[in-house]
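A short worksheet on the structure shown next.
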Amino acid sequence: MSKHREKIKGNISIAITGSGGAGVMTAGNLLLEVAAQAGWYGLMVRSSGPQIRGGEAAALLRFSHAPVECLDDRFDILIGIDWQNIHRFADEIPLDATSVMIGDPEQGEPPEVFVQRGARYAPLPFKQMAKAIPGSWPNMIALGLGAGLCGLPQESVHAVLQKSLKKGGGEKMAANLAAADAGYAAAANVPAVPRLAHKNAHGAKVQARWLITGNQAAGFGVVRGGVRFCAAYPITPATEVLEWLAPALPKVGGTLVQAEDELASVNMIVGASYGGVPAVTATSGPGLSLMIEAIGLAVAAEVPIVVIDVMRGGPSTGIPAKSEQSDVNIAVNGLHGDAPRIVVAPNSIADCVSATQWAVYLAEAMQSPAIVLSDQYFGQTRAVVDPPADIGLVGERLKPNAGAEGYKRYAITESGISPMSIPGMPGTAYTADGLEHNERGLPSSQSGDHIRQLDKRAKKLAEFDYGERWADVEGKGELAIVTFGSCTGAAREALARADAEGIKARLVSLRLLSPSQPERLAAALAGAKRLLVVEQNHTGQLYRYLRAEYDLPGEVKSFRHAGPLPMRPDEIHQQITEWSRA
Amino acid sequence: MNSSATTAAAAAPITAQAFKSDYKPIWCPGCGDYSVLSSFTKAFAKLNLLPENIAVVSGIGCSSRIPAYTTCYGFHGVHGRSLAAAAGLKLARPDLTVVVASGDGDGYSIGGNHFLHACRRNVDLTYVVMDNHVYGMTKGQPSPTTEPDWDSKLSPGGTGLRTFNPLVIALAAGANFVARAFAGDPNGTAGIIAEAISTPGFSFVEILSPCVTFRPEQREWKQQVRPAPVTHTDDAARAARRLMTDDGFNIGVLYKGERKPYQPPIGKGKKHPSDLEAEFAL
Amino acid sequence: MSTKKSSKKGVKRDAKPRAKPGAKPSAKRTTAVAKPKGARTPRSASAKTAPKALVPSASEFMAYAYAMEAEAAERYAEFADAMEVHNNREVAELFRKLSRIEQIHADQILEQMGWKQAPATTADVRWQGSEGPETADPTELHYLMQPYHALQIALHNEKRARDFFAHLAKASKDAGVRAGALEMKEEEAEHVRLIESWLERTPVPEAGWEADLDPPVLSD
């Protein structure tokens, strides 16, 4: 455990647990909203048992005055509305001797596994307190308690509750406000927990921030990028992207259709895009496996599509409701034949907006499929973020002039990108084909045509100017962390801790995984002697990919573990510290 | 009749309980699938089968969780492909009793194509679909059997699409046994499943199985179901006419044909690989 | 396929899963305070499934009675399991208790008849619906249900069992069956009184007992 934690900007981690109707997620979400209201940053991760309703649940929150991108290595506070089956969350809620647990004595003792960590225990009769305020719920007590313990202003609790309970009617409001106040007051009796210093009073002018999940952000991002058609098939944990797009697309003149399966949804978007409408679908690992054939078709026929893969535990059905970064292989390598394609990975929840928007832009510009590697952690975590600025890139594909004489759809050009005619344009009709073809698009088995088209498709991706967005390169040092996606937040924090100790290290968080960028990476790693490739999967997929695609400088190590547990800052920090000393 | 030669000893008939595993279902309390599980076990006991000679094959969804809740061999495969996996299993191991479990999403949406061809191919399987007119496991999206005006997040205002009629499709595609059952009558359903298993060829049983969480109004189904007013026919056209005009609540065996099941011989050829070399010899 | 128009909105349930009157049986529960204790309309009675010729023969009678108790015991045990998985410990324990009681009744019949194992019966145990008189209806369950609800279910079933035996006591052509049925009817009536006394000691659920602020959860 790092003793330098105090030097880092203050933050506080709190978990709320309970089961069967306790309303844990609601309490957690409200607490997050309270923090947002008070001008704090924060995020909430959800974890649940396998039951559809009534299961055990945990809301895992972290707050700070600086943007929060990942969970900490431990929790300061654990509130257990009840303890039924909560031991299953033991690995996800690390506690230690400085942590405090609050539980309802009526519900029995906290699980042994938490007690053993040395956390202090403070009883609070949630159920009794709620009974004493007729019409109130125990989770409101927990909400008030949580707010009090974290040092959130009470006015923010009131403001959030008033807004959220407005629908329930007057009596509910009064009762639950009272319950939250009771919880808030009870915080004073809990053994001291370091509180986050007040930076802003309630309602202080902070630039308007957003409260958003990665899945919502991804949906919004593609709409910003110009997508107007989506074909959807539900799958955990991607369904919310589609559910967000369903009402949103019609508002901007687009539409979403529910397909019968992933084979249908991906082929539908290829069809829509062939018709000139930028199109998207969202899925997870198992769905992506099904979509592989049609993605190859989009490569061969040069039809732009965006496929968002919200990664989950694999392989096969795997662990549907948990995060993992184990779809790198299939994304960069999964197609049969020589089939280059674009792979983009957002590296924060806010970046889920910009990165998907960028993916639409790239796909349309290069008339190619783009796979976006998001993950369950981003997708289903709700965070307070600074509104991501519109990157101003909207998908637009090169089109031929109307009635162009002797139009060749797959003409060999300098850039490799050839104008793409849209059905309805007179004089430039063509047949898109998965079969190899000549410049006019007619099927060909000729060696010359095959080589020309393979070169064209490879070139258009390889020589495109991706600009600065290909990666986030931060810091200086001889030790470099190379990572992508949701490990980035933990890596950033690890670097900040190392920096406070005087250890200099740099971060390269790849946003563009494919095609590889040899010159850019070489420049980003100039002077680096030690590379630590960090990722959340079992076989080191990014590590192997980098070694295959790049000449990497110096010593290269892989630091990795599979899901479902996240990569925590301290894990990376320890690696940095040890390797710097060695 | 399945060709399993080993059934439970007549002296101590096997109980339904013997087919239930210790693993407690995660289905919501009140879910119709609990009754279907009970019907499975009763049907297996009624037929005097042994757990080790039965394979329960499923896809993805609430209904597809059923294999692990039995003591039979189970295969929890991928979404929509249970019929394919089951066909492969039965064709390679005709001695087994193979029962396939699915839901309306898994079976009629992504599984639709395999459904058509399973009916056409007529392998000796029993296909049980627990239909609750919704995608339960992914939190409530419309399925092919959902009414057109049912509001959901993925299809706000309803899909506006006609519902799928799986029983008619099954007939048209060549299924040899078509029945509809209701989870609220576990004993009756057990009888139908037993008859389905005993009938050679592809036997299809649609079970109306209410979803208390996403379709609580389906509690009313018990007021709407009725025994089918006429006994089943062996005339596919007549059965199709009946099915196209019923309101979806006639319960019972609706069609029973005489098609011979598809089962290419396996394990019959006795040649050795070296016997095949002559073809290449000069 | 059903041509009935759907009467419920699926998506709204996430926000506030309150029982809407007339749509769910729990609508009755929320007004439990107003109703006389123990009063309950049997929901499984269906005019369309009129009782078949269920009057068992003399030799079948006790086997039938045994099957009733055994089925009831098994059903309560299933309920207990489902409640346990859904973290409703109190109701799980209550159903476990009810299951044990039914099992005792079943065992008593075995002992009375000198049977070493459960008798085979060809009769399909049904009464006013698709299942036995004492078998609880699964659609009455709710993962947040309270002991009061569970006891209401038990009361309903005991009354059905009592009424079934009362019916047999009149309708059977066999004097021995009539006598046996009368005896069983008295026993079931005793069970009814027992459950009623438990109900008197059990708190009536408040309005909003089924409120769960959290939405359903993805799993697969």
Q: Pop out the ³J(HN,Hα) list for the range A:105-114 in order, Karplus 6.51 cos²θ - 1.76 cosθ + 1.60 with θ = phi - 60°, rounded to Hz; leave Gly and Pro as x.
A: x, 4, 8, x, 6, x, x, 3, 4, 7
Q | Integer Hz, Karplus 6.51/-1.76/1.60 couplings in order for the range A:412-425, x for Gly and Pro | A | 7, 10, 4, 8, x, 9, 10, x, 10, 6, 10, x, x, 6
Q) Based on the Cβ-Cβ distance of residue A:522 and residue A:431, what FRET efficiency does E = 1/(1 + (r/R0)^6) give at R0 = 51 Å, to the nearest 0.05? A) 0.75
Q: Provide, as a two-decimal number, the C-alpha radius of gyration of the range B:8-152 over 2.2 N^0.38 Å, N being how many residues it has.
A: 1.06
Q) Which whole number of Å³ per residue matches the convex hull of the alpha-carbon atoms in chain B? A) 160
Q: Please identify, among B:105, B:158, B:191, the residue showing maximal mean-square fluctuation in a Gaussian network model of chain B using a 10 angstrom Cα cutoff.
A: B:158
Q) Can you pull the semi-axes for chain A, root of five times each eigenvalue of the Cα gyration tensor, sorted largest first, whole Å? A) 46, 27, 19
Q: With a Förster radius of 60 Å, plug the Cβ-Cβ distance of residue C:100 and residue B:260 into 1/(1 + (r/R0)^6) and report the FRET value to the nearest 0.05.
A: 0.75
(Q) Starting from the 7 Å offset along Cα-to-Cβ, what nm value, one decimal, do you get for the label separation of residue A:440 and residue A:127? (A) 8.1
(Q) Just to be sure I understand: of the beta bridges DSSP finds with both ends in the range A:286-419, what percent are antiparallel, rounded to 5? (A) 10
Q. Using a basic spin-label model with each label point 7 Å from the Cα along Cα→Cβ, how many nm lie between residue A:329 and residue C:182?
A. 7.8
**Q.** Residue exposure sequence - B:21, A:445 - by fewest surrounding Cβ within 10 Å
**A.** A:445, B:21
Q: Could you grab the Rg to Rh ratio for the range A:5-189? Cα atoms only, Kirkwood for Rh.
A: 0.94
Q: May I ask for the equivalent-ellipsoid semi-axes of the range A:469-581, computed as the square root of five times each C-alpha gyration tensor eigenvalue and listed largest first in whole Å?
A: 19, 17, 12
Q.
Rg and Dmax in Å for the range C:106-220, alpha carbons only: what are they?
A. 18.5, 58
Q.
To test your reading of the geometry: what angle, between 0 and 90 degrees and rounded to tens, separates the Cα axis of helix A:239-251 from the longest principal axis of chain A?
A. 70
Q. If we count other beta carbons within 10 Å of each Cβ, what is the order of A:561, A:573, C:86, fewest first?
A. A:561, A:573, C:86
Q | the range A:561-582 residues near the modelled residue A:529 label - backbone nitrogen below 11 Å, point 7 Å along Cα→Cβ | A | A:580-582
(Q) Using helices alone, I'd like the mean residue ellipticity at 222 nm for the protein assembly as shown: each DSSP H run of four-plus residues gives -39500 (n - 2.57), total over residue count, nearest 500. (A) -11500 deg cm²/dmol
Q) With axes computed from alpha carbons, what is the tilt in degrees of helix A:214-225 against the longest principal axis of chain A, rounded to the nearest 10 within 0 to 90? A) 40
Q. Of all DSSP beta bridges located in the range A:469-581, what percent are antiparallel, nearest 5?
A. 20
Q: Enumerate the amide H contacts of residue A:558 below 5 Å, restricted to partners 5 or more residues apart or on another chain; note that Pro and chain-start residues carry no placed amide H.
A: A:533
**Q.** Cα long-axis angle, helix A:351-366 against chain A (0 to 90 degrees, to the nearest 10)
**A.** 10
Q: Give me the distance in nm between label points sitting 7 Å out from Cα along the Cα-to-Cβ direction at residue A:116 and residue A:454, one decimal.
A: 5.7
Q.
What FRET efficiency comes out for residue B:268 versus residue B:48 if R0 is 30 angstrom and r is the Cβ-Cβ distance? Round to the nearest 0.05.
A. 0.60
Q | Sequence-separation-based contact order of chain A, relative, with Cα cut under 8 Å and 6+ spacing, percent | A | 12
(Q) Using just the Cα positions, wrap the protein assembly as shown in a convex hull and report its mean projected area in square nanometres, one decimal place. (A) 50.5
Q) Among the DSSP beta bridges whose two residues both lie in the protein assembly as shown, what percent are antiparallel, rounded to the nearest 5? A) 30
Q) In a GNM of chain B with a 10 Å cut-off on Cα contacts, which of B:193, B:14, B:207 has the highest mean-square fluctuation? A) B:14
Q | Long pairs among A:166/B:139; A:163/B:139; A:399/A:456; B:20/B:46, criterion Cα-Cα beyond 19 Å | A | A:166/B:139; A:163/B:139
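Here, each number is a calculation from the coordinates, and none is a lab measurement. Values in this document were obtained by computation on a predicted structure and should not be read as measured data. Because the Cβ atoms are built from the backbone with ideal geometry, glycine has one as well, and the counts that use them run over all protein chains shown.
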